[in-house]
1. Residue by residue through region 132-149, note down the ones that are in a loop (DSSP other than H, G, I, E, B) and out of contact with any helix residue (DSSP H, G or I) (no Cβ under 8 Å at 6 or more places or on another chain).
2. For region 264-281, name all the residues that are surrounded by 12 or more Cβ atoms within 10 Å (Cβ to Cβ) and either modelled with pLDDT of 95 or more or touching a helix residue (DSSP H, G or I) at 6+ places or on another chain (Cβ under 9 Å) (or both).
3. Considering every residue within region 258-265, establish whether at least one is in a loop (DSSP other than H, G, I, E, B) and either within 30 Å of residue 31 (Cβ to Cβ) or under 22 Å from the mean Cα position of the chain (by Cα) (or both).
4. Is there a residue in region 228-241 that is more than 22 Å from residue 317 (Cβ to Cβ), touching a residue at least 40 places away in the same chain (Cβ under 8 Å) and in contact with a strand residue (DSSP E or B) (Cβ under 8 Å, 6 or more places away or on another chain)?
5. Which of the residues spanning region 95-116 are more than 24 Å from residue 53 (Cα to Cα), modelled with pLDDT under 95 and surrounded by 15 or more Cβ atoms within 10 Å (Cβ to Cβ)?
6. Taking helices (runs of 4 or more DSSP H) that do not extend beyond region 1-113, which have at least 3 residues that are in contact (Cβ under 8 Å) with a residue 60 or more places away in the chain?
């Protein structure tokens, strides 16, 4: 069963030079109970895709096309007031930096109880009890005492656990985790990742896991979509993509991952730079950097095709 269905999602940022095509006709699906990876280098459009799904793209950005189907309902057809009731209740998001996600002038209790009373119709007493249970579920020690603390009283890892607790408190259908371990040390990263796997297994929720780290994709995700310059260039189940990547960009990214047993003193790199998203190439966006590009690649934008069963790629057969 498909829980989140993104169809030709397009988000632009209006500038004096023209629109920046941050998300360009992006399509993918996340099934019920699945952890789907959205991977790519910084600036490729992953976070803007997440903000578009949440309908929280700030000015001068705006969604200009496509559909965002959450359990069959198109979020782009919802009003701002309707989206206030959908965020947190049906779809939640864990941000990269827990310090910016938490309000420093309110206690954890204040920040958790508000959403529970609004979305779940609980009394403040009931909401506090639910909040304490959720904090305990994500590994916060002595939650009945710590819920009265302010964010600065917690370590980075504990703050991220609290952000996850807030996101999970209303039992959403879909959780969007945008680089949830970026600012944490390796030990805490492992704890947060283990927590997310355990919570998914227990609750059966769907998770869109956004990262630039392919090692985390291999460890966490059943399927993965690779983004480049605002578009999906390849998506498949994780094992297939790692065993036989089809798009030159994916091949280049995976070749840049250091190997433990390798004797190479220098890692390979992908030549060139990401294109200007105001003046994108006419054909394939990756063609100026692609060692396999043919004449057609510079003239026509390749469609997303199913090259193998369940393995999709935007690349002309070579």
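1. Let us first name the residues in region 132-149 that are in a loop (DSSP other than H, G, I, E, B), namely 138-142, 147-149.
Once the filter is applied, which keeps residues that are in a loop (DSSP other than H, G, I, E, B) and out of contact with any helix residue (DSSP H, G or I) (no Cβ under 8 Å at 6 or more places or on another chain), region 132-149 yields 141, 142.
2. Scanning region 264-281 gives 270, 274, 275, 281.
3. Our first condition is that a residue be in a loop (DSSP other than H, G, I, E, B); within region 258-265, this holds for 258-265.
Adding the requirement that they be either within 30 Å of residue 31 (Cβ to Cβ) or under 22 Å from the mean Cα position of the chain (by Cα) (or both) leaves none.
No, region 258-265 contains no residue that is in a loop (DSSP other than H, G, I, E, B) and either within 30 Å of residue 31 (Cβ to Cβ) or under 22 Å from the mean Cα position of the chain (by Cα) (or both).
4. The first filter runs over region 228-241 and keeps only residues more than 22 Å from residue 317 (Cβ to Cβ), leaving 230, 238-239.
Next, only the ones that are touching a residue at least 40 places away in the same chain (Cβ under 8 Å) stay: 230, 238.
Filter once more, keeping what is in contact with a strand residue (DSSP E or B) (Cβ under 8 Å, 6 or more places away or on another chain): 230, 238.
Yes; the residues of region 228-241 include at least one that is more than 22 Å from residue 317 (Cβ to Cβ), touching a residue at least 40 places away in the same chain (Cβ under 8 Å) and in contact with a strand residue (DSSP E or B) (Cβ under 8 Å, 6 or more places away or on another chain).
5. Hit for region 95-116 is 113, nothing else.
6. On the way: elements: 46-54, 80-86, 98-101.
By residue number, 46-54, 98-101.
The values are calculated or read from the model by the stated rules, or taken from the named source; none is laboratory data. Since we're looking at a predicted model, the values are computed, not measured. Don't worry about glycine lacking a Cβ; one is built from the backbone with ideal geometry, like all the others, and counts go over all protein chains shown.
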